[in-house]
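Report on the following structure.
Please treat every number below as a calculation from the coordinates, not as lab data. Note that the structure is a prediction, hence the values are computed from the model and not measured. All Cβ positions, even for glycine, are placed from backbone atoms using ideal geometry, and neighbour counts span all protein chains on display.
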Amino acid sequence: MKTKTFSTAITSLLMLCLSFSLFAQEGYVPTQENLDNREWFQDNKYGLFVHWGVYSIMGGGGDQGIAEWIMSQKNIPLQQYEKLPGFFNPTQFDAKEWVSMVKKAGMKYITITSKHHDGFAMYDSKVSDYNIVDATPYGQDVIGLLKEECDRQGIKLFFYHSQLDWHHPDYVPQGRTGNDIEGRSTEGDWDKYIDYMNTQLTELLTQYGEIGGIWFDGMWDKPDADWRLAETYSLIHKHQPGALIGSNHHKMPYPGEDFMMFERDLPGENSMGFNNTGVSTEVPLEMCETMNGSWGFNLVDQNYKSVETLVHTMVRSAGYGANFLLNTGPMPNGKIQPENVDTLMAIGQWLETYGEAVYGTRGGAVKPQEWGALTQKGDVVYVHVLDPGEGSIEIEGYLPKIKSALFFDDGSKVDIKVKKGTSGLVLTIPPEKVKAIDTIIKLTLR
Ligand code: JFZ
């Protein structure tokens, strides 16, 4: 009896190991190029997330909280949703305008939806007509146009690619979402779906030259399915060894992944309730955030975050060593919402002055605290005072050997003390030194 339990345990352990190795790119060793790109990624810190698709036409249908999920949230029958591409004609799309805006905003890369959960390809796909070139009156490959312009202006392009697909007939059995969409197929061949997805990924990796990476999303729809990740990840690394793979599965990174992402959350803070794993110390980190409450274009959502709030999030994020991927949902005419352009320009202006304390830095020796965050570049530490409180802050748990401590803005000396009986530094910030968004102090260490 005992031996039997033991052997059962061993068998299940073996099964577990086996399924795990089937699950991801076990034994993956990143190339030097890939490692260099990870450094590039961390140095460059700030990118634009773009959620754009045929759902943008709907603008959320006048409802708050609805955008790129409208097919599922409003249970639009599949055959009806398929009419949307016929209305998608973004005649005012201008890749040059987008990329110039991105540059002025101080952003260094763009992550755009090549396919979202609705299954519609925003690029020229040969394996399905359900794509922007074949199915819309616009008929142009916006991803291709954007990539050409990105290359011209020195911006990296990443693709957000949804593994979840409410449209494809072989996405069967269905997962947790979109089950009430009328017209979805219930019979199909899962392996054929993965083949299809891998073929589309191959297109994305071979049609547009060198890309930044792939930002996966949607595995959470079918947590127990065989996603054949090992195959998908090796395929990507085979075609483009330098491309960075990340996946929004809300788990610790699987083998083969090159960065870890946090959705609308600072790493480790889990305020959204779905980023409840740890924080990787192996791969670069990135957090993504919306400017209002929506990813895709929503006509009525005017709940815009202030420039101050967004800079604070970027700085705290940098304090954790994470990149900041800030989202916009372009309008169906191809323009970026003017409110978003204004915000991006203001953040860009802030970065023009203070970018030194963000770009090229890594997370501080202590985590962000109430008052703000630390970023570091070599022996220079930037103390970002986001909330000066009553005129002094205490950096708990931080006692470095300091050569000089100066206010970033005017180079004047900062009064610094070690707080008695504690292990923290106390920095005095006179009211006249306080800046509206972020009072930065530059510490040079010995
Ligand atoms: C996902 C997408 O569903 C969403 O549309 C957007 O693209 C965002 C960046 O990523 O958001 C998620 C992912 C997982 C869950 C919820 C939203 N989840 O597990 O509940």
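Yes or no, residue by residue, for (1) more than 16 Å from the ligand (Cβ to nearest atom); (2) crowded, with 20+ Cβ neighbours inside 10 Å:
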position	(1), (2)
K45	yes, yes
V50	no, yes
Q64	no, no
L78	yes, no
N89	yes, no
M107	yes, yes
Y123	yes, yes
G139	yes, no
Looking at segment 93-139 only, could you name the residues that are within 26 Å of the chain's Cα centre (by Cα), among the polar types (S, T, N, Q) and not in a helix (DSSP H, G or I)? T111, T113, S114, S125, N131
Looking at segment 299-323 only, could you name the residues that are free of Cβ contacts under 8 Å to residues at least 60 places away in the same chain and on the phi > 0 side of the Ramachandran plot? none
Would you check which residues across segment 256-300 are of a type in the set (A, V, I, L, M, F, W, C) and outside any loop (DSSP other than H, G, I, E, B) and list them? M260, M261, F262, L285, M287, C288
So S271 ticks every box in (1) farther than 19 Å from T313 by Cα; (2) free of Cβ contacts under 8 Å to residues at least 12 places away in the same chain but one. Which box is left unticked? (1)
Among K419, K377, K433, K401, which is the only one that is in contact (Cβ under 8 Å) with a residue 12 or more places away in the chain and within 29 Å of the chain's Cα centre (by Cα)? K377
Which residues, counting only those in segment 386-403, are assigned to a loop (DSSP other than H, G, I, E, B) and hydrophobic (A, V, I, L, M, F, W, C)? L386, L399
Please specify each residue of segment 181-217 satisfying the condition of being on the phi > 0 side of the Ramachandran plot and within 23 Å of the chain's Cα centre (by Cα). G209, G213
Within segment 52-62, restricting to residues that are touching a residue at least 60 places away in the same chain (Cβ under 8 Å) and of a type outside the set (S, T, N, Q), the one that is farthest from the ligand (Cβ to nearest atom) is G62
Restricting segment 148-168 to residues that are crowded, with 17+ Cβ neighbours inside 10 Å and in a loop (DSSP other than H, G, I, E, B), which is farthest from the ligand (Cβ to nearest atom)? I155
Condition first: assigned to a loop (DSSP other than H, G, I, E, B) and more than 34 Å from the chain's Cα centre (by Cα). Now tell me which residues in segment 404-416 satisfy that. D410, G411, S412, V414, D415
Among K96, K74, which is the only one that is within 15 Å of the ligand (Cβ to nearest atom) and surrounded by fewer than 18 Cβ atoms within 10 Å (Cβ to Cβ)? K74
Looking at segment 436-446, which of its residues are touching a residue at least 60 places away in the same chain (Cβ under 8 Å) and either assigned to a strand (DSSP E or B) or β-branched (V, I, T) (or both)? I437, I440, K442, L443, T444, L445
